[in-house]
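Structure, as structure tokens:
The values are calculated or read from the model by the stated rules, or taken from the named source; none is laboratory data. Values in this document were obtained by computation on a predicted structure and should not be read as measured data. Every residue, glycine among them, receives a Cβ derived from its backbone with ideal geometry; neighbour counts consider all protein chains shown.
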Amino acid sequence: MFVIAYAFFVYVVLRLFVPNLGFRKKPLPDKIPDDLLAVIHQIESESKSNLDFLQKAFEFITKTYTGARMKSVTNFWIAFEEPINHKSGFMPCTSQNYLLRLILIKSGRFTEADTKIKVVPFNFFIHQYLKVRIDNKWIDVDPWSAFLGLPFGKRSFLFG
């Protein structure tokens, strides 16, 4: 009974109330702050390919923001803040993925169809990562889990 209640709470209730964790992708804003636009242009100028752009965007996210198991609970309110306004430090997986998706799509190199949001229901509470399509191949991208030592192209699963 506990497992069913847990699964319902985590996989349904949380996804209805936590921003960027829903059953659909949150629409991206038309206008983004100039500082984020500058980051996109810098990554663009340094990138030789879409894969290179994705790796550099991943590096930007993982150097600027960090994941943390307990902070996901003790600092839960950060999940309700607008990710664009959060400058550095701890950020939940949902917000990191939103920013990464924003960078990819606003670069013009990727479309919404090139990104998929994936959910891992049994990762303490619930965990989210992205799949990004490059040359018809899907790559797992999990910036939140970088603090666990997971590199680009790997993702956290189960109780990661």
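What about LYS48, is it over 17 Å from the mean Cα position of the chain (by Cα), more than 21 Å from LEU102 (Cβ to Cβ) and part of a loop (DSSP other than H, G, I, E, B)? Taking the combined requirement at face value, the residue satisfies it.
Going by the structure shown, is GLU112 of a type outside the set (Gly, Ala, Ser) and free of Cβ contacts under 8 Å to residues at least 12 places away in the same chain? Judged against the criteria, GLU112 is not a match. The lone criterion from (1) under 14 Å from the mean Cα position of the chain (by Cα); (2) of a type in the set (Gly, Ala, Ser); (3) assigned to a loop (DSSP other than H, G, I, E, B); (4) at pLDDT 95 or above left unmet by SER156 is number (4). Is it true that LEU51 is among the aliphatic types (A, V, I, L, M), surrounded by 22 or more Cβ atoms within 10 Å (Cβ to Cβ) and at pLDDT 95 or above? Taking the combined requirement at face value, the residue does not satisfy it. Tallying residues that are over 15 Å from SER95 (Cα atoms), in a helix (DSSP H, G or I) and among the charged types (D, E, K, R) within the range 1-42 yields 2. Residues considered: TRP138, TRP144. Of these, the only one that is in a strand (DSSP E or B), among the aromatic types (Phe, Trp, Tyr) and at pLDDT 90 or above is TRP138.
One residue alone among ALA146, ALA79, ALA57 is in contact (Cβ under 8 Å) with a residue 40 or more places away in the chain and farther than 30 Å from VAL13 by Cβ, and that residue is ALA57. In the range 97-128, what residues are under 28 Å from VAL3 (Cβ atoms) and either at pLDDT 90 or above or in contact with a strand residue (DSSP E or B) (Cβ under 9 Å, 6 or more places away or on another chain) (or both)? Correct list: ASN97, LYS116, ILE117, LYS118, VAL119, VAL120, PRO121, ILE126, HIS127, GLN128.
Of the listed requirements (1) outside any strand (DSSP E or B); (2) out of contact with any helix residue (DSSP H, G or I) (no Cβ under 9 Å at 6 or more places or on another chain); (3) among the hydrophobic types (A, V, I, L, M, F, W, C), LEU100 misses just one: (2). When the range 16-45 is filtered for residues that are within 17 Å of LYS63 (Cα to Cα) and either loosely packed, with under 11 Cβ neighbours inside 10 Å or free of Cβ contacts under 8 Å to residues at least 12 places away in the same chain (or both), the ones remaining, listed by number, are ASP35, ALA38, GLN42.
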